[in-house]
Amino acid sequence: MPKKTREEVEKEINDNIAKRIIEPIAPSVELIQRTENMKYLIWRAARVCYAIKSMPEFEQEWNETPEEKRTGLVLGLMQRGHRTTYSHPNFSYVIVCSRVVSHQIVRHQVGVTIDQESQRYVPYEAGFRYIQPETVDNNVFKKLMENAHDQYMALYKEYRLSGLGKRESAELARYVLPSAISTRMVCTTSLAALIHLNRVRVQGDTGRPQGATQVVCREMVRLPLECGPW
């Protein structure tokens, strides 16, 4: 495919700017997958640690153990901090949030795997969506976001017209993108890591959690609780 001329590149960029979308969206959390039979998995891991029974005997013991006792054993493991036993169950989410919030979530590394929308490979030629902080005037903040996109596109256009491709231009222009810009993540966390996330980002065990991060992380906790209230 022949390389575009400078005039064609400039027209393409100007067309995208003319139809750009700069608008606020709400953060969201969707639980897309989880470990089935979580209680059984944790219970089985613990019994392997503490008993010399055969696997068929473990299965028989599970079937003969009252539900209340199964739950009591599992909760006891959590209360004692036997983390490995409840690191086996996992939850996978699709999260939409601001870069402010994602910067805090990605700090949780033990038992957490994240794939995030890349600002190196995703150009924002036609605008972007953003998460607006509370108590900020809608119109004022929208204008700030439009100004930020103007700055981004000024750099992006300069790099494209100098001969760089879309990816290289986006990679360099991203330095002026605002932290309010929305980002998407697929996040998988173990139950143990989720409990730690709850303590830090929702309950504030290590200090006052930021409100926007607290909202997202609280939803990450609420959805699994619906699946397993125990």
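The values are calculated or read from the model by the stated rules, or taken from the named source; none is laboratory data. As the structure is a prediction and not an experimental result, all values here were calculated from the model. In this analysis, Cβ positions are derived from the backbone assuming ideal geometry, glycine residues included, and neighbour counts consider all displayed protein chains. We work out accessible area using only protein heavy atoms, side chains counted, and drop any ligands, DNA or RNA first. Shrake-Rupley method; radii C 1.70, N 1.55, O 1.52, S 1.80 Å.
Some points to look at:
- Percent RCO, i.e. relative contact order, over segment 95-189, from Cα pairs under 8 Å lying at least 6 residues apart: 56
- Size descriptors for segment 23-97 (Cα atoms only): Rg and Dmax, in that order, 16.7, 60 Å.
- Stretching the chain fully between K142 and L172 yields a gain of 8.4 nm (0.36 nm per residue, less the alpha carbon separation).
- Just so you know, the averaged projected area of the alpha carbon convex hull for segment 63-169 sits at 11.7 nm².
- Cα-based equivalent ellipsoid, the chain: semi-axes from gyration tensor eigenvalues, Å: 48, 20, 13
- Only Lys, Arg (+1) and Asp, Glu (-1) charged, at Cβ; segment 167-230 dipole about Cα centre in debye: 100
- Ranking S28, L73, M153 by Cα position along the charge dipole of segment 10-163, where only Lys, Arg, Asp and Glu carry charges on their C-beta atoms, puts L73 farthest toward the positive end.
- Crossing angle, helix 211-227 versus the chain [Cα axis fit, 0-90 degrees, rounded to tens]: 40
- Remark: spin-label model distance D205-H88 equals 2.3 nm, labels positioned 7 Å along the Cα→Cβ axis.
- Nearest-0.05 FRET efficiency for E7 and D115, computed from C-beta distance (R0 35 Å): 0.40
- Dividing the convex hull volume of the alpha-carbon atoms in segment 1-137 by its residue count gives 215 Å³ per residue.
- Farthest toward positive dipole pole in segment 38-125 [+1 Lys/Arg, -1 Asp/Glu at C-beta], among H88, Q60, Y40: H88
- Extension gain for I52-E158 works out to 31.2 nm (0.36 nm per residue, less the C-alpha to C-alpha distance).
- Calculated translational diffusion coefficient of segment 1-48 (20 °C, 1.002 mPa s; Stokes-Einstein with Kirkwood radius over alpha-carbon pairs) equals 128 µm²/s.
- Counting lysine pairs in the chain whose alpha carbons fall under 26 angstrom apart, excluding pairs fewer than 8 residues apart on the same chain, gives 24.
- Estimated translational D of segment 167-217 in µm²/s (Stokes, Kirkwood radius over Cα pairs; 10 °C; 1.306 mPa s): 119
- Estimated distance in nm for a label pair at E226 and H103, the labels positioned 7 Å out from Cα along Cα-to-Cβ: 3.1
- Think of each Lys and Arg Cβ as +1 and each Asp and Glu Cβ as -1; about the Cα centre, that makes the dipole of segment 72-230 roughly 300 debye.
- Residue by residue, segment 132-148 carries 3J(HN,Hα) couplings of 8, x, 5, 6, 9, 4, 4, 5, 5, 5, 4, 5, 4, 5, 5, 5, 5 Hz when phi is fed to the Karplus relation 6.51 cos²θ - 1.76 cosθ + 1.60 (θ = phi - 60°); x denotes Gly or Pro.
- Accessible-area value, I195, 1.4 Å probe, nucleic acids and ligands omitted, Å²: 40
- Over the chain, accessible surface divided per residue gives 57 Å², non-protein components excluded, 1.4 Å probe.
- In the complete set of protein chains, residue-level accessible area for T5 is approximately 60 Å², probe 1.4 angstrom.
- Net charge dipole, segment 35-145: roughly 400 debye, given to the nearest 20, about the Cα centre with Cβ charges of +1 for Lys and Arg and -1 for Asp and Glu.
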